[in-house]
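S.K.: Here it is, the structure, as structure tokens.
Quick note: the coordinates plus some simple rules give every number you see, no bench work behind them. Quick caveat, the model's predicted, so the values are computed rather than measured. Please note: Cβ atoms are built from the backbone with ideal geometry, for glycine as well, and neighbour counts cover all protein chains shown.
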Amino acid sequence: MDFRVVFPKIRVRSTTTVKLQLLARHAEHVEARTNRIWRRIEPFFRQLFRLRTRLATVGVALVAVWLFVHVVFGANGMVVYRSKRAEYQRLEKEIDQLKNENEDGSRQVNQLKTDPRRIEREAREQFHYARPGELIYVAPEAPAAAPPKNRSVAK
């Protein structure tokens, strides 16, 4: 059996002065690289600075156009609002019409329950009832139209 204890490697961290010396040694290279990059992109930034008012105007115009399109054609825009409003008005008319039909039906039911003349009229029309001594004349039903002998009419 092996009872040895193994410790991980201990790393010595550099002191602050060593870090500063390393930074000072590489500072010239970093500064030169930064200057080269800046020389490449500086004309672009100067052009942007000169065009800043135009770019801002274009940006505001794009936002305004987007807002207009969203307000007119969006999910809750004016187009949808008008179609919903027209549908609402159509449904209101339909509701009024159905209420009138319902009232007429209720009036007819009430008359059939209470008005003896209405009850008699319905009985005579639907069931062909008659009072004693009355004669009822019933016209024969019209014969059904014969189907055509050839198919030329059905086309």
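S.K.: How far apart, in nm, are two points set 7 Å out from the Cα along the Cα-to-Cβ line at Phe44 and at Thr17?
M.R.: 4.4
S.K.: What label, among [x] 135, 77, 53; [y] 50, 47, 34; [z] 59, 38, 28, belongs to Cα extents along the principal axes in Å computed from the structure on display?
M.R.: Only one option fits the structure, namely [x].
S.K.: Additional query: Putting +1 on Lys and Arg Cβ atoms and -1 on Asp and Glu Cβ atoms, find which of Leu20, Leu55, Pro8 reaches farthest to the positive end of the dipole of the stretch 1-130.
M.R.: Positive-most Cα among the choices belongs to Leu20.
S.K.: Lys and Arg at +1, Asp and Glu at -1: add these up for the other residues within a Cβ distance under 14 Å of Met78 and post the number. It would help to have the intermediate numbers written out before the result.
M.R.: Details: positive: Arg82, Lys84, Arg85; negative: none.
Result for the neighbourhood of Met78: +3.
S.K.: Still on this model: Where is the GNM fluctuation largest for the chain (alpha-carbon springs, 10 angstrom cutoff): Ala144, Ala130, Ala86?
M.R.: In the Gaussian network model the winner is Ala144.
S.K.: Modelled label-to-label distance, Phe68 and Gln111, 7 Å Cα→beta-carbon offset: nm?
M.R.: Modelled inter-label distance: 6.1 nm.
S.K.: Next question, about the same structure. Under 13 Å from the Cβ of Val60, count the other residues' Cβ atoms, weight Lys and Arg +1, Asp and Glu -1, and hand me the total.
M.R.: Working: positive: Arg52, Arg54; negative: none.
Summing Lys/Arg as +1 and Asp/Glu as -1 gives +2.
S.K.: Among the trypsin sites (Lys or Arg not before Pro) within the stretch 1-100, which fall in a DSSP loop and have no more than 10 other Cβ atoms within 10 Å of their own Cβ?
M.R.: Listed in order of number, the matching sites are Arg4, Lys9, Arg11, Arg13.
S.K.: What's the magnitude of the charge dipole for the stretch 1-154 around its Cα centre, counting Lys and Arg as +1 and Asp and Glu as -1 at the beta-carbon? Answer in Debye, nearest 20.
M.R.: That gives the stretch 1-154 a dipole magnitude of about 2180 debye.
S.K.: Also, I was wondering about something else. Within the chain, which complete DSSP H helices have Cα atoms spanning at least 27 Å along the helix axis and a mean Kyte-Doolittle hydropathy of -0.5 or higher?
M.R.: 52-73
S.K.: For the stretch 92-114 and the stretch 41-79, what is the separation of their Cα centres, given in Å?
M.R.: 59
S.K.: For Lys113, which aspartates and glutamates qualify as cross-link partners when the Cα separation must be under 19 Å and same-chain residues fewer than eight apart are set aside?
M.R.: Glu101, Glu103, Asp104, Glu122, Glu125
S.K.: Could you work out how far apart the two model spin labels at Val30 and Ala139 are, taking each label as a point 7 Å from the Cα in the direction of the beta carbon, and quote it in nm?
M.R.: In this crude spin-label approximation the distance works out to 11.1 nm.
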